[in-house]
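Novice: After the structure tokens below, expect a handful of questions from me.
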């Protein structure tokens with residue numbers, strides 16, 4: 001038909017196309033807008049710039065980067081060309097620190113995360129924030145109420161600058177989105193408050209780059225803020241930080257969820273679902289996990305119990321910046337998890353590869369969301385971490401980058417030295433052989449990969465093994481030092497000289513295989529709801545077996561002594577006794593093992609510090625049994641209690657251990673040959689600090705309150721608070737009965753005891769921790785509980801004992817100390833004179 005049109009008509013038609021770049025020609029020859037409405041002459045936008053022809057906005061000078069959106073850079077401006085098909089699609093925006101100054105966090109640290117939706121409205125494009133915190137199935141009447149109460153706020157608006165060449169895309173200028181102070185994309189509120197940020201310094205803020213990839217857009221921008229309390233470079237009165245915003249396209253069809261059960265540890269996503277058939281709103285939690293699916297052609301094999309390869313394996317690339325000699329160990333740490341996925345029915349489910357060289361693939365980038373990367377960072381931070389990005393609708397892990405900081409080797413060196421050097425010649429130096437450091441790197445790599453698979457720390461794992469078994473070579477070679485590599489069961493400090501062949505660290509253990517199988521094994525032809533009963537049966541199969549137990553990491557106060565960091569074995573006193581024996585072997589050798597002729601004593605000071613820290617850990621492991629409550633997760637229908645107070649005799653043994661090992665001055669730590677090489681003073685203060693920390697921990701408000709509750713519930717079967725206070729007093733003030741001179745260390749300790757009792761007389765009320773499985777807190781009204789009454793009675797008993805003991809000592813400094821102690825107690829009991 002078009003061939004029959006006159007040349008005059010064609011000329012008119014071509015003019016119309018130039019005048020209205022947003023018009024299209026349908027098969028009938030009618031001019032229509034891209035959305036199907038009748039075309040009109042473009043109106044002017046409020047800012048005076050109308051919708052212009054594409055080639056007037058995106059000129060030949062523009063540098064274009066095709067991907068999720070095509071990103072155009074023209075001079076200092078950035079434009080998004082958004083395909084119309086991607087309007088209303090949900091995208092996840094993750095804000096991380098890219099580069100930072102001292103005190104401003106660390107590279108890779110996540111600052112914010114939200115779901116966004118690009119929406120076209122008239123001649124504007126809106127960027128809206130989508131919340132999945134509250135939901136209801138769209139087929140239910142309540143869905144309308146949820147929508148009405150869950151209005152999506154507008155984060156930013158952009159005038160349409162042009163319509164794409166083929167009329168299926170829209171061009172907007174996004175420069176202001178990243179140059180301006182859009183708070184969810186910049187420094188988070190907590191940091192602004194901490195550094196007293198007042199405003200963005202626009203002239204010192206700029207876009208570094210915006211790069212587009214097939215499924216994500218990466219935007220880097222430098223933000224400079226005026227700050228009242230900058231953590232570094234204080235003379236500038238500002239803080240500068242480079243942020244990276246990753247905008248990731250979420251799958252059109254979310255992955256099937258798997259619902260969480262607290263009996264198996266997992267990182268989770270959650271929603272409040274108003275569409276459930278219950279008589280209240282209910283929060284539902286589901287696992288964060290990778291989408292591992294059985295290929296259609298392998299379903300029958302899988303049903304027969306044969307191992308199958310997933311449709312899409314989990315692949316980690318090793319950053320090009322990683323030193324060549326460490327790459328194989330990091331890759332081994334990744335692929336160590338293959339045995340766990342075999343328990344879930346998959347082979348070759350997780351693979352490590354070297355990142356391609358620029359010659360092999362010039363387009364490859366670690367910022368491309370299609371690639372998960374172990375990133376090697378030149379940073380003094382002694383750490384590694386394994387964050388991940390997940391779809392909030394389903395929990396599907398979309399991408400993960402493990403941040404590997406160079407100085408993690410320093411941390412490994414200290415741990416391995418102080419925990420194994422007494423029995424391990426390979427650790428009796430501050431510079432390990434490459435193969436030794438490589439094995440340690442592999443261990444940390446495995447642990448961090450576990451986090452990226454969805455697994456949190458399992459601090460309740462290491463208690464599964466009897467302490468004496470950790471000295472058994474055959475046992476430890478088979479089972480490692482704990483059933484889970486996700487525990488902080490670092491290295492085998494229990495093993496003693498003569499325990500040849502004993503394993504020194506954990507591997508992927510029984511619990512790790514179990515948890516990966518529980519979370520990843522496909523349950524075919526079942527909905528997420530229908531899976532629940534099957535998953536429950538998998539848990540019940542191992543109920544009560546400590547090898548399959550999960551125990552949460554505890555932040556702040558430790559309530560459950562069986563779920564602590566850095567501990568080993570089923571008895572903290574026995575394990576710590578073995579550990580202290582090894583520290584006593586290390587200290588006399590520290591100078592020989594840490595010094596080199598012509599070098600400073602820096603390594604000697606560092607390793608002595610590690611000895612002190614390790615000893616302090618042992619004291620914490622033991623003292624947390626006092627007033628402790630075990631937490632063993634169970635569901636309705638399972639026998640036994642979830643919460644159980646620690647046995648009375650076990651608590652008494654713990655207190656006596658601390659008295660014997662710490663409150664009796666640990667003379668073995670006082671090595672003057674070491675001190676005269678690393679410090680001009682500090683030995684007395686160091687011991688005082690060690691003792692005061694453990695003393696304050698024992699006399700914490702939470703522990704005392706739990707002991708009172710234990711007595712109220714269990715009577716004489718409980719270790720009573722009054723009994724504990726008496727036992728502690730007798731251990732701290734033995735000189736009052738013996739008349740023995742009180743040395744400097746003991747005087748400091750006794751004053752610390754009085755100071756703690758004084759604090760407890762005015763200690764504030766304490767709230768219970770809510771909303772977190774990690775943070776433990778015991779609610780106490782200190783003025784109305786028994787705590788102050790018991791403390792007052794204890795102060796009076798102590799004062800009477802001091803007055804009686806004054807007549808037994810002939811040492812002048814001891815008398816001065818006891819007279820002072822008595823007067824201090826007077827001031828506490830009678831603050832007004």
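The values are calculated or read from the model by the stated rules, or taken from the named source; none is laboratory data. On a predicted model such as this, the values are computed, not experimentally measured, just so you know. Every residue, glycine as well, gets a Cβ built from its backbone with ideal geometry; the counts of neighbours run over all protein chains shown.
Novice: Could you please let me know if residue 518 is free of Cβ contacts under 8 Å to residues at least 24 places away in the same chain and in contact with a helix residue (DSSP H, G or I) (Cβ under 7 Å, 6 or more places away or on another chain)? Reasoning before the result, please.
Specialist: Details: free of Cβ contacts under 8 Å to residues at least 24 places away in the same chain: no; in contact with a helix residue (DSSP H, G or I) (Cβ under 7 Å, 6 or more places away or on another chain): yes.
Spelling it out, it is not the case that residue 518 is free of Cβ contacts under 8 Å to residues at least 24 places away in the same chain and in contact with a helix residue (DSSP H, G or I) (Cβ under 7 Å, 6 or more places away or on another chain).
Novice: Something else now. For residue 313, state whether it is surrounded by fewer than 19 Cβ atoms within 10 Å (Cβ to Cβ) and either within 17 Å of residue 406 (Cβ to Cβ) or out of contact with any strand residue (DSSP E or B) (no Cβ under 6 Å at 6 or more places or on another chain) (or both). Quick ask: steps written out before the conclusion?
Specialist: Working: surrounded by fewer than 19 Cβ atoms within 10 Å (Cβ to Cβ): yes; either within 17 Å of residue 406 (Cβ to Cβ) or out of contact with any strand residue (DSSP E or B) (no Cβ under 6 Å at 6 or more places or on another chain) (or both): no.
No: the conditions fail for residue 313.
Novice: Could I ask something else about it? At pLDDT 95 or above and not in a helix (DSSP H, G or I), is that true of residue 512?
Specialist: Working: at pLDDT 95 or above: yes; not in a helix (DSSP H, G or I): no.
In short, no.
Novice: Right, something else. For residue 165, all conditions in the list (1) part of a strand (DSSP E or B); (2) surrounded by fewer than 19 Cβ atoms within 10 Å (Cβ to Cβ); (3) in contact with a helix residue (DSSP H, G or I) (Cβ under 7 Å, 6 or more places away or on another chain) hold save one; what is the number of the exception?
Specialist: (1)
Novice: Here is a further query. Quick one: which residue in 260, 346, 341 is closer than 25 Å to residue 536 by Cβ, at pLDDT 95 or above, over 24 Å from the mean Cα position of the chain (by Cα) and buried (at least 16 other Cβ atoms within 10 Å of the Cβ)?
Specialist: Working: 260 fails: over 24 Å from the mean Cα position of the chain (by Cα); 341 fails: over 24 Å from the mean Cα position of the chain (by Cα).
Answer to the check: 346.
Novice: Taking the residues in the range 234-257 that are out of contact with any strand residue (DSSP E or B) (no Cβ under 7 Å at 6 or more places or on another chain) and closer than 30 Å to residue 196 by Cα as candidates, determine which candidate is modelled with the highest pLDDT.
Specialist: Per the stated criteria, the residue is 236.
Novice: What is the number of the single condition among (1) out of contact with any helix residue (DSSP H, G or I) (no Cβ under 8 Å at 6 or more places or on another chain); (2) exposed (fewer than 12 other Cβ atoms within 10 Å of the Cβ); (3) at pLDDT 95 or above that residue 639 does not meet?
Specialist: Every listed condition holds for residue 639 apart from (3).
Novice: If residue 432 meets every condition in (1) touching a residue at least 12 places away in the same chain (Cβ under 8 Å); (2) outside any loop (DSSP other than H, G, I, E, B); (3) surrounded by fewer than 22 Cβ atoms within 10 Å (Cβ to Cβ) apart from one, which number is that one?
Specialist: The one condition residue 432 does not meet is (2).
Novice: Next up: Checking residue 272 against (1) surrounded by 16 or more Cβ atoms within 10 Å (Cβ to Cβ); (2) farther than 22 Å from residue 370 by Cβ; (3) under 24 Å from the mean Cα position of the chain (by Cα), which single condition isn't satisfied?
Specialist: (1)
Novice: Among the residues of the range 640-664, write down those that are in a helix (DSSP H, G or I) and more than 18 Å from residue 696 (Cβ to Cβ).
Specialist: Answer for the range 640-664, where residues must be in a helix (DSSP H, G or I) and more than 18 Å from residue 696 (Cβ to Cβ): 648, 649, 650, 652, 653, 656, 660.
Novice: Going through 392, 358 one at a time, which residue ends up being assigned by TED's automatic domain parsing to the domain that holds residue 306, crowded, with 19+ Cβ neighbours inside 10 Å and not in a strand (DSSP E or B)? Working first, answer last.
Specialist: Working: 358 fails: crowded, with 19+ Cβ neighbours inside 10 Å.
Just a single option satisfies the conditions, and that option is 392.
Yes/no matrix, rows are residues, columns are (1) in a helix (DSSP H, G or I); (2) surrounded by 14 or more Cβ atoms within 10 Å (Cβ to Cβ); (3) modelled with pLDDT of 95 or more:
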residue: 297; (1), (2), (3): yes, no, yes
residue: 301; (1), (2), (3): yes, yes, yes
residue: 306; (1), (2), (3): no, no, yes
residue: 321; (1), (2), (3): no, no, no
residue: 328; (1), (2), (3): yes, yes, yes
residue: 331; (1), (2), (3): yes, yes, yes
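Novice: Answer yes or no: is there a residue in the range 599-619 that is under 19 Å from residue 702 (Cα atoms) and either modelled with pLDDT of 95 or more or assigned to a loop (DSSP other than H, G, I, E, B) (or both).
Specialist: Start the filter on the range 599-619 by keeping residues that are under 19 Å from residue 702 (Cα atoms), which leaves 619.
From what's left, either modelled with pLDDT of 95 or more or assigned to a loop (DSSP other than H, G, I, E, B) (or both): 619.
Scanning the range 599-619, I find at least one residue that is under 19 Å from residue 702 (Cα atoms) and either modelled with pLDDT of 95 or more or assigned to a loop (DSSP other than H, G, I, E, B) (or both), so the answer is yes.
Novice: Looking only at the range 192-232, count how many residues are at pLDDT below 85 and either surrounded by 15 or more Cβ atoms within 10 Å (Cβ to Cβ) or in a strand (DSSP E or B) (or both). First the steps, then the outcome.
Specialist: Pass one, the range 192-232, residues at pLDDT below 85: 229-232.
From what's left, either surrounded by 15 or more Cβ atoms within 10 Å (Cβ to Cβ) or in a strand (DSSP E or B) (or both): 230-231.
Within the range 192-232, residues that are at pLDDT below 85 and either surrounded by 15 or more Cβ atoms within 10 Å (Cβ to Cβ) or in a strand (DSSP E or B) (or both) number 2.
Novice: What strands (runs of 3 or more DSSP E), lying completely within the range 53-135, carry at least 3 residues that are surrounded by 17 or more Cβ atoms within 10 Å (Cβ to Cβ)? Talk me through it step by step, then tell me what you get.
Specialist: Working: elements: 63-65, 70-74, 77-83, 90-99, 110-121, 124-130.
Filter on the range 53-135 gives 70-74, 77-83, 90-99, 110-121, 124-130.
Novice: Any idea which of 174, 154, 160 is touching a strand residue (DSSP E or B) at 6+ places or on another chain (Cβ under 6 Å), exposed (fewer than 14 other Cβ atoms within 10 Å of the Cβ) and in the same structural domain as residue 77 (by TED's automatic domain parsing)?
Specialist: Working: 174 fails: exposed (fewer than 14 other Cβ atoms within 10 Å of the Cβ); 160 fails: exposed (fewer than 14 other Cβ atoms within 10 Å of the Cβ).
The match here is 154.
Novice: Which condition from (1) surrounded by 15 or more Cβ atoms within 10 Å (Cβ to Cβ); (2) closer than 20 Å to residue 621 by Cβ is the one that residue 649 breaks?
Specialist: All conditions are met except number (1).
Novice: Condition test on residue 705, is it assigned by TED's automatic domain parsing to the domain that holds residue 755, touching a strand residue (DSSP E or B) at 6+ places or on another chain (Cβ under 8 Å) and either surrounded by 21 or more Cβ atoms within 10 Å (Cβ to Cβ) or not in a helix (DSSP H, G or I) (or both)?
Specialist: Working: assigned by TED's automatic domain parsing to the domain that holds residue 755: yes; touching a strand residue (DSSP E or B) at 6+ places or on another chain (Cβ under 8 Å): yes; either surrounded by 21 or more Cβ atoms within 10 Å (Cβ to Cβ) or not in a helix (DSSP H, G or I) (or both): yes.
So residue 705 fits the description; yes.
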